[in-house]
Amino acid sequence: MSAVATVPVGAAEGPVLVVRDLAKSFGGVHAVQGVSFAVEAGRMLALIGPNGAGKTTCFNMLNGQLRPDRGEVVLAGRPITGLKPRVVWRMGVGRTFQITATFTSMTVRENVQMALISHEGGIWNPFAPARARHVAEADALLGLVGMAEQAERACGVLAYGDLKRVELAVALANRPRLLLMDEPTAGMAPRERVALMALTAQIAAEQGIAVLFTEHDMDVVFTHSDRVIVLDRGRLIADGTAEEVRRDANVRAVYLGSGATSGGH
Amino acid sequence: MFDLILTQILNGLASASSLFLVASGLSIIFGVTRIVNFAHGSLYMLGAYLAFTLVNLFGPASALGFWGGVVLAAVLVALVGLVMEVTVLRRIYQAPELFQLLATFGIVLMIQDIALASWGAEDKLGPRAPGFKSFVILFGNRFPTYELLLIVIGPAVLALLWFLFQKTRWGTVVRAATQDREMVGALGVNQRLLFTSVFAFGAGLAGLGGALQLPREAVTLHMDLSTISEVFVVVVVGGLGSVAGAYLAAVLIGVLHAFGILIFPKITLVLVFLVMAVVLVIKPYGLMGKRPVGHVRGPAAAEPLLTPADRATKLAGLAVLLLLVAAPLVTPDHLLLTLTELVIFALFAASLHFMMGPGGMASFGHAAYFGLGAYGAALAVKWLGAPMEPALVFAPFLAGIAGLVFGWFCVRLSGVYLAMLTLAFAQIAWATAFQWVDLTGGDNGILGVWPSSWAVPKTVFYYLALAVCAACVLALRFTVFAPLGYALRAARDNPLRAEAIGIDVMRVQWVAFTVAAFAAGIAGGLFAFFKGSVFPTYMAIPRSVDALLMVLLGGVQTVSGPIVGAFAYAGLSEQLMKLTMYWRFVLGLSIVLLVVLFPRGLVGGFLALRERHGAAGSGAAGPRLAVEGVR
Ligand SMILES: Nc1ncnc2c1ncn2[C@@H]1O[C@H](COP(=O)(O)OP(=O)(O)O)[C@@H](O)[C@H]1O
Ligand SMILES: [Mg+2]
């Protein structure tokens, strides 16, 4: 089984994200060991693997939160390895977190407005009221993720699934070309999960966004991914279509061993 | 010259020993309990006072009398520490850092008045140690033998501590607890007993440090704050939680002081500042300190929603402003003076609130910028012969520039590290004003800072202060609700998310720090002309704590809080001062009680109440543990 992704022919400008030989250790823990893959525009790539496989660590290296020990991250042909998260974001990478990260002292709308203001480069304005800015755009994004009715609520009191949706709206605010979603449906009911990922797939296709997501629910993975890569103890052990991966003996061993085929958090 | 250098090194080593004792005690306590004990300088002072009394009681002439007194003083201070832990600290281990610092500061105030009542306001000169009264000739200079003894005591205690931590069961448990607190529970250790014993031990070290100073310097009521700020510098440089780091830093600072006096006698502390700055740039968590893994915010989980004032609040604000405008028509002159002061303090409190509330950066040294504003105005008058108007404009720039410089370092840290560093900077500013007599007049201050003739009448000056302060408070308020204020809150609520949407967290906080310093400088400039003079006490630690209390009293989470708090606090403390001579004790006790009764703060307590009565379903806000990426 080759761990290196094959870049398909036909992608006009090449993949949006190319990852080569990424590795990271924490002391003695080899969290990620030489991972390579690529994601194309408008496509959904699922990164799956048991807890502790290194998925979040991978995400953290992609958006600059962690500096890799080794390897290279290339966004639309430009190397972004080791750049700061805020710089990576400005280059068009949106991200949601496994442990949701929102601003609790702000309303749902203000969370999105904040991202929009930052995207427009307007955070240094010390005077004009922020609440009045980008209201329509924020509401449009919230409508997209189904949070329009809750726009005035405080982020601190939302249900977990709703927070995930707010994060998606925030992550879309800079019109990203790459979207990183770390367990976007954790804490949601099964029906909600399917709906959210269907929506994500639609947005990705419409806006030509490349999406990399991690997910424990295999139904979601098999329905909504164009390709699946499997991580186990820091190594890529499979790469292919959902069907191929499902039949892969290594993958079955890992998943039967851990028993986490669906519904994990 | 070479001789002189060696002598100064010895001097530095001698003064390092006591500093090391106090700093290591603070560090050990922090390692296990995660509390930075503000009252550690007070324990040091108690050690010195108790030693003074006991040594004189036992007879200072005999070795037994002297050393018996010193050791007993240390033991008594350990007992005081034990009482402190059992009555106060044990109850606040879960409270937010800011409240822990405040509670221990309350104890500082209480001990100050206890010392005043027991030993009086006069400095006490201790006896010299029997057997160590003479000099030896070293490198051609006379060198007191007691100093040599101190030089030996530092490393000796370091070695003893090492032995204790490596070779005894108690020490092993303490080390384990310092590395991993959860593990201690698993080891089957009585946690309460461990915490209490560690606190008493650390207190005893501070007491010993104070007692050993007895033959060296007079015992005064100012020892507590000057020691604690020096100790903060030592632990910031050495690394909080590291005993060896504390020794290294104590020696570094001690030697630096000794040389500073030689080369740069006016502003030795500037040298200390420079060294601290260099260390912090290279190693933000100190020479031997480790970066805290996953800085966890206090349990006051999610910051509550901040909304712009509703109609009622706006009307109330307008009403207060109108009342203030109308006040001179009805109030007598002396009340007008009080009002002027209140208005100035409201701006001072609002400026601290700006960085502390939306910014989440609690400063224990905000008076530095207030004081620098006052000195800015006074220096412009004294040295440039400037009239009031340009002097008032100059004032905030001095404060703002200091905020720019100090803030650059402060925003690199967070939590207790930030609090300690702000306090250390404030102390440096204070000491500069105090020591640089040629420029600032030292303790005598600068007199004759009078307003221009048009502003001399009390009513006119009141309106001037009101206009400037109201405008500044409103501007700060506007900023809180402007994009910059939002970005600041974003950085506080979730730095990870803020960076992930393109916000430069450190830069936003740096700007906020500077703005807060600038605004405090405006208040300080007005205050200088209001009083007609400036003194180093304008930037002393108690004034910083005044501002903190104003903000906390009014509530950190609301924007109008500091204004309400300033008025409430100033009114209360004035009454208190009239009521009793020991107002510090009463104030300290109230702070301690407040924190113990409402460990989550007043607003936190209120929110907890509301939560209990509110819907249970809305509590699922996910895991609270926010791991901040601190660089
Ligand atoms: N900051 C860190 N420090 C030390 N170890 C870490 C850190 N982050 C992750 N790890 C370890 O790296 C491994 C991979 O973790 P993670 O990437 O979170 O896995 P996943 O997201 O697939 O569940 C785990 O063993 C985890 O304990
Ligand atoms: Mg994960």
Practice problem: Could you go through region B:313-320 in sequence order and give the Karplus-derived ³J(HN,Hα) for each residue, using 6.51 cos²θ - 1.76 cosθ + 1.60 with θ = phi - 60°, rounded to whole Hz, and x for Gly and Pro? | Solution: 5, 4, 4, 4, x, 4, 4, 4
Quiz item: Based on DSSP H runs of at least 4 residues, each adding -39500 (n - 2.57), what is the mean residue ellipticity at 222 nm of the protein assembly as shown after dividing by all its residues, to the nearest 500 deg cm²/dmol?
Solution: -20000 deg cm²/dmol
Practice problem: Please list A:LYS24, B:LYS382 in order of solvent-accessible area, largest first, computed with a 1.4 Å probe with all protein chains present. | Solution: B:LYS382, A:LYS24
Quiz item: Computed FRET efficiency, Cβ-Cβ of B:LEU593 and B:THR537, R0 30 Å: what is it to the nearest 0.05?
Solution: 0.65
Quiz item: Gap in Å between the Cα centre of region A:103-143 and the Cα centre of region B:54-71?
Solution: 69
Quiz item: Rounded, prolate or oblate: which fits region B:323-540, taking a ≥ b ≥ c as square roots of the Cα gyration tensor eigenvalues, rounded meaning a/c under 1.5, else prolate when a/b beats b/c?
Solution: oblate
Exercise. Using a 10 Å cut-off on Cβ atoms, rank the peptides B:108-116, B:148-156 from the highest mean neighbour count down.
Key: B:108-116, B:148-156
Exercise. Answer with one residue from B:LEU339, B:VAL460, B:MET355: the one whose Cα lies farthest towards the positive end of the charge dipole of region B:323-540, charges on Cβ with Lys, Arg +1 and Asp, Glu -1.
Key: B:MET355
Quiz item: Leaving out same-chain residues fewer than 8 places away, which aspartates and glutamates sit with a Cα under 13 Å from that of B:LYS124?
Solution: B:GLU217
Quiz item: Which is farthest toward the positive dipole end of region B:323-540 among B:SER414, B:VAL330, B:PHE397, measuring Cα position about the Cα centre, with Cβ charges +1 (Lys, Arg) and -1 (Asp, Glu)?
Solution: B:SER414
Quiz item: Nearest 20 debye, what's the magnitude of the dipole of the protein assembly as shown about its Cα centre given +1 on Lys and Arg Cβ and -1 on Asp and Glu Cβ?
Solution: 760
Self-check item: Average accessible area per residue (Å²) across the protein assembly as shown - probe 1.4 Å, nucleic acids and ligands excluded
Solution: 40
Quiz item: Where a ≥ b ≥ c are the square roots of the eigenvalues of the C-alpha gyration tensor, would you call region B:195-261 rounded, which needs a/c under 1.5, or, failing that, prolate if a/b is larger than b/c, or oblate?
Solution: oblate
Quiz item: For labels at B:TRP383 and A:ALA253 in the simple 7 Å Cα→Cβ model, what's the distance in nm?
Solution: 7.7
Exercise. Sequence neighbours fewer than 8 away in the same chain don't count; with that in mind, list the lysines whose C-alpha is under 23 Å from B:LYS382.
Key: B:LYS266, B:LYS458, B:LYS531
Self-check item: By average C-beta atoms within 10 angstrom, highest first, the peptides B:401-411, B:317-327
Solution: B:401-411, B:317-327
Quiz item: Where nothing but the Cβ of Lys and Arg (+1) and of Asp and Glu (-1) is charged, how large is the charge dipole of region B:405-518 around its Cα centre, in debye to the nearest 20?
Solution: 360
Self-check item: Between 0 and 90°, nearest 10: helix A:249-258 axis offset from chain A longest Cα axis
Solution: 60
Quiz item: Quick one: how many Å² of B:THR178 are accessible to a 1.4 Å probe, rounded to 10?
Solution: 40
Quiz item: Hey, got the average number of other protein chain Cβ atoms within 10 angstrom for residues in B:474-485?
Solution: 5
Exercise. For chain B, find the longest principal axis of its Cα atoms and tell me its angle to the long axis of helix B:458-481, 0 to 90°, nearest 10.
Key: 90
Quiz item: What distance in nm separates the simple spin-label points at B:ALA326 and B:LYS283, each placed 7 Å from Cα in the Cβ direction?
Solution: 6.3
Quiz item: Looking at region A:151-174, which residues lose a minimum of 40 Å² of accessible area between their chain alone and all protein chains in place, measuring with a 1.4 Å probe and not counting ligands or nucleic acids?
Solution: A:TYR160
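What's the average, rounded to a whole number, of partner chain beta-carbon atoms within 10 Å of each residue's beta-carbon in A:93-104?
6
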Quiz item: Taking the Cα centre of chain B as the origin, how large is its charge dipole in debye, to the nearest 20, when only Lys and Arg (+1) and Asp and Glu (-1) carry charge on their Cβ atoms?
Solution: 1100
Quiz item: Between B:LEU336 and B:ALA467, what length in nm is gained on full extension when 0.36 nm per residue of separation is reduced by their alpha carbon distance?
Solution: 45.7 nm
Quiz item: Over the heavy atoms of B:TRP436, what accessible area does a 1.4 Å probe trace out, to the nearest 10 Å²?
Solution: 90
Self-check item: Length gained when the stretch B:SER118-B:SER134 is fully extended (0.36 nm per residue, less Cα-Cα span)
Solution: 2.6 nm
Quiz prompt | Helix A:190-207 axis, angle to chain A major axis (alpha carbon atoms, nearest 10°) | solution = 80
Quiz item: So what does A:LEU62 come to for accessible area, using a 1.4 Å probe and Å² rounded to 10?
Solution: 10
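For the pair B:LEU404 and B:ARG192, what calculated FRET efficiency results from E = 1/(1 + (r/R0)^6), where r is the Cβ-Cβ distance and R0 = 45 Å, to the nearest 0.05? Please list the in-between numbers first.
Details: r = 46 Å, r/R0 = 1.02.
The formula returns an efficiency of 0.50 here.
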Self-check item: Spin-label model distance (nm) - A:ALA132 vs A:VAL87, 7 Å beyond Cα toward Cβ
Solution: 3.7
Self-check item: Residues of region B:497-517 buried by at least 10 Å² on assembly (accessible area, 1.4 Å probe, chain alone as reference)
Solution: B:ARG497, B:GLU499, B:ALA500, B:ILE501, B:GLY502, B:ILE503, B:ASP504, B:ARG507, B:VAL508, B:VAL511
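Please list B:78-87, B:4-13, B:333-342, A:36-45 highest first by mean number of surrounding beta-carbon atoms within 10 Å per residue.
A:36-45, B:78-87, B:4-13, B:333-342
On the accessible surface of region B:360-416, probed at 1.4 Å, how many percent belong to carbon and sulfur atoms?
Carbon and sulfur together cover 80 percent of it.
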Exercise. Nearest 100 Å² is fine: how much accessible area is buried between B and A, summed over both sides, with a 1.4 Å probe?
Key: 3400
Self-check item: Shielding by partners - mean other protein chain Cβ count within 10 Å, residues of B:46-53
Solution: 0
Quiz item: Fully extended, how many nm does the chain gain between B:ALA244 and B:SER452 (0.36 nm per residue separation, minus their Cα-Cα distance)?
Solution: 69.3 nm
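The values are calculated or read from the model by the stated rules, or taken from the named source; none is laboratory data. Predicted model only: the values in this text are computed from it and were never measured. Cβ coordinates were reconstructed from backbone atoms using ideal geometry, including for glycine residues, and neighbour counts include every protein chain displayed. Note: accessible area is taken over every heavy atom of the protein model, side chains too, but ligands, DNA and RNA are not part of it. Shrake-Rupley method; radii C 1.70, N 1.55, O 1.52, S 1.80 Å.
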